[in-house]
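Notes follow once the structure below has been shown.
The values are calculated or read from the model by the stated rules, or taken from the named source; none is laboratory data. Remember, it's a predicted structure, so these values are computed and weren't measured experimentally. Heads up, the Cβs are rebuilt from the backbone with ideal geometry, glycines too, and the neighbour counts pull from every protein chain shown. Each accessible area value is taken on the protein alone, full model and side chains, heavy atoms only, with ligands, DNA and RNA left out. Shrake-Rupley method; radii C 1.70, N 1.55, O 1.52, S 1.80 Å.
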Amino acid sequence: MHTYTDSSCGLAGTALVTGASRGIGKATAQAFARAGYGLYLTCHASLDALEQVAENIRSSWGVPCTAIQADMGCPEDVRRLFAGIHSLDVLVNNAGISHMGLLADMSDAEWHRIMAVNLDACFYTCRAAIPLMLRRHSGRILNVSSVWGCQGASMEVAYSASKGGVNAFTKALAKELAPSNIQVNAIACGVIDTAMNGSLTPEEMAALQEEIPADRLGTPEEAAELILQLAQAPGYLTGQVITMDGGWY
């Protein structure tokens, strides 16, 4: 059982960040720790890396931080995760996977896996987190989406569909929870310099960068800073999908 003393003991709050072993999730965990939040962090396969992140957070910022291995696309894993969480102020749904290829060549299993990790996980975690937030009549849910969920991308149909679902999920759930003072927002990231883009060749990456008015990729730290800002934004800000893409779209 994983647990620790909650935000009543001098912390800014308690946050759960999924997919936190690297990239945006890791940077988000560090940003929240710096702001004084106690943390629960998850990963699917990279537990050693996640435990290193958690140890660094504990030693650097002195906040409680628990690392848990869980498949966020598996409802049983999410139930097990939340069995050890008794108080939660912020939920960051960051865990995600990509798939590049022709839709006609995609298998049933590949399609369902993308939907499970990118979209179903938001349902599983929100369903579990909402009762914890209702007790306090406050909470923040932040979903990490993509510009492809707004625009669609050739060769990334399943990924685009999953993130489009996240965007609609965000807007609908925000309306449902607004009377309970729980805000739900998403950030639609452009090209962020993470391992998820590692499949692109240097030539493809250079061509992509030329399309971006900012003439560079975004950093995980910039995405994390926006997520933290949304967690601390005025309560009237809810139901928004905020694009962060260097002026690309």
With each run of n ≥ 4 DSSP H residues scored as -39500 (n - 2.57), what mean residue ellipticity at 222 nm is computed for the chain after dividing by its residue count and rounding to the nearest 500 deg cm²/dmol? -13000 deg cm²/dmol
Expressed as a whole percentage, what fraction of the accessible surface of the chain belongs to carbon and sulfur atoms when a 1.4 Å probe is rolled over the protein heavy atoms? 52 percent
Looking at the range 162-235, which trypsin sites (Lys or Arg not before Pro) are DSSP coil and have at most 14 other C-beta atoms within 10 Å of their C-beta? ARG216
Sorted by chain and then number, the residues having a modelled amide H within less than 5 Å of the amide H of TYR40, at least 5 places away or on another chain, are ALA15, LEU16, VAL17, THR66
Kirkwood Rh over Cα pairs of the range 186-229 into Stokes-Einstein at 4 °C, 1.567 mPa s: D in µm²/s? 115 µm²/s
In the chain, helical segments from DSSP H whose Cα atoms cover 18 Å or more along their own axis and that average at least 0.0 on the Kyte-Doolittle scale are 121-134, 157-177
Residues of type lysines that LYS26 reaches as a straight line, Cα spacing below 22 Å, ignoring anything fewer than 8 places off in the same chain: LYS163
Can you tell me, using C-alpha contacts under 8 Å and at least 6 residues apart, the relative contact order of the chain as a whole percent? 19 percent
How high is the relative contact order of the range 73-169, given as a whole-number percent (alpha carbon pairs under 8 Å, six or more residues apart)? 38 percent
Solvent-accessible heavy-atom area per residue, rounded to whole Å², over the range 143-249 at 1.4 Å: 47 Å²
How big is the Rg/Rh ratio for the chain, C-alpha atoms only, Rh by Kirkwood, two decimals? 0.95
In Å², rounded to a whole number, the accessible area per residue of the range 33-111 with probe 1.4 Å is 46 Å²
